[in-house]
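Novice: Got a structure for you, questions after.
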Amino acid sequence: AQSVTQLDSQVPVFEEAPVELRCNYSSSVSVYLFWYVQYPNQGLQLLLKYLSGSTLVKGINGFEAEFNKSQTSFHLRKPSVHISDTAEYFCAVSRVGYSTLTFGKGTMLLVSP
Amino acid sequence: GAVVSQHPSRVICKSGTSVKIECRSLDFQATTMFWYRQFPKQSLMLMATSNEGSKATYEQGVEKDKFLINHASLTLSTLTVTSAHPEDSSFYICSARDHGEEGGELFFGEGSRLTVL
């Protein structure tokens with residue numbers, strides 16, 4: 001089975017500052033990794049995904065994440081955040097070839113002026 | 001990109017009634033759809049996997065008779081909460097996999113907020 005840990009339940013940051021949202025996973029098999037964003041009362045939108053290849057993955061809205069196999073991490077970063085980035089961010093993992101996702105508990109990113 | 005639509009987005013019902021939530025894949029065929037439940041400020045919990053033309057596979061602890069899932073076509077899955085009670089109030093989200101999409105990516109609906117009075 002896979003598991004995902006998002007240690008930070010909430011990350012406050014000022015507008016235009018850089019941010020890193022942490023994600024660690026546990027799995028005995030190869031995995032795919034995902035980051036999703038959820039705005040209030042909405043479904044999830046895919047930010048980016050790692051399937052294979054380059055460990056640095058670029059996504060939408062200026063976000064990127066780096067897969068680190070030795071540290072079993074997939075941290076999400078953005079060099080300069082906007083107010084509109086305020087949302088809940090979920091890290092998720094699935095076994096290679098499977099659709100079922102296991103989600104972390106989410107990190108609320110709060111961007112203030 | 002692929003779009004998944006849920007309806008209704010919000011529903012309020014009285015205790016004891018049944019509520020049906022629809023999940024449609026709008027521009028692709030989804031042989032498999034997934035139903036999640038999300039409690040306030042918590043993560044998504046997979047309830048069941050819905051397979052077109054066959055019975056749904058429920059996760060441990062999810063009552064099959066309470067949450068009826070029907071996947072009658074390649075573009076529609078429904079979740080019926082039967083004899084709803086206040087503790088069933090939650091945010092229900094469906095997702096679907098584009099069968100031609102590598103990587104297990106799921107496309108999510110907008111979610112349906114159920115409030116049982």
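No lab work stands behind these numbers, since they all come straight from the coordinates. This one's a predicted model, so the numbers in the text were calculated from it and none came from an experiment. Note that each Cβ is placed from the backbone with ideal geometry, even for glycine, and that neighbours are counted across all protein chains shown.
Novice: For peptide B:33-45, how many partner chain Cβ atoms fall within 10 Å of a residue's Cβ, on average?
Specialist: 4
Novice: If you don't mind, another one. Using per-residue counts of other Cβ atoms within 10 Å, averaged over each peptide, order B:65-76, A:34-45 from highest down.
Specialist: Final packing ranking: A:34-45, B:65-76.
Novice: Return a whole-number percent for the relative contact order of chain B, with Cα pairs under 8 Å and 6 or more residues apart as the contact set.
Specialist: Relative CO of chain B lands at 37 percent.
Novice: I would also like to ask the following. Using the alpha-carbon centroid of each, what span in Å lies between the stretch B:8-50 and the stretch A:48-113?
Specialist: Measuring centre to centre over Cα atoms gives 24 Å.
Novice: For peptide A:100-111, compute the average count of partner chain beta-carbon atoms within 10 Å of each residue's beta-carbon.
Specialist: So the per-residue partner count for this stretch is 3.
Novice: Counting only other chains, what is the mean number of Cβ atoms within 10 angstrom of the Cβ of each residue in peptide A:76-89?
Specialist: Per residue, the number of nearby Cβ atoms from other chains is 0 on average.
Novice: Hey, another quick one. Which far-off residues, 5 or more places away or on another chain, put their amide H under 5 Å from the one on A:Asp8, with H placed in the peptide plane?
Specialist: The list, which skips near neighbours in sequence, is A:Arg22.
Novice: Which length gain, in nm to one decimal place, applies between B:Lys41 and B:Glu63 when the Cα-Cα distance is subtracted from 0.36 nm times their residue separation?
Specialist: Residue separation times 0.36 nm, minus the Cα-Cα distance, leaves 5.6 nm.
Novice: Apply the Karplus curve 6.51 cos²θ - 1.76 cosθ + 1.60, θ = phi - 60°, to the phi angles in the stretch A:35-48 and return the couplings in whole Hz, x for Gly and Pro.
Specialist: With the stated coefficients, the stretch A:35-48 comes to 10, 10, 10, 10, 8, x, 6, 10, x, 9, 10, 6, 8, 6 Hz.
Novice: Explain nothing, just compute: Karplus ³J(HN,Hα) = 6.51 cos²θ - 1.76 cosθ + 1.60, θ = phi - 60°, for every residue of the stretch B:108-115 in order, whole Hz, x for Gly and Pro.
Specialist: 9, x, 7, x, 10, 9, 9, 10
Novice: What list of ³J(HN,Hα) couplings, whole Hz, do you get for the stretch B:77-87 from phi and the Karplus terms 6.51, -1.76, 1.60, once you set θ to phi - 60° and write x for glycine and proline?
Specialist: Listing the rounded values in order: 10, 10, 10, 10, 8, 8, 6, 5, 10, x, 6 Hz.
Novice: Among the listed pairs A:Lys58/B:Lys64; A:Lys69/B:Lys55; B:Lys14/B:Lys55, give every one whose C-alpha distance is greater than 30 Å.
Specialist: Over 30 Å Cα-Cα: A:Lys58/B:Lys64; A:Lys69/B:Lys55.
Novice: For chain A, go through all pairs of different Cα atoms, get the mean of 1/r, take its inverse, and jot down that Kirkwood value in Å.
Specialist: About 14.0 Å for chain A.
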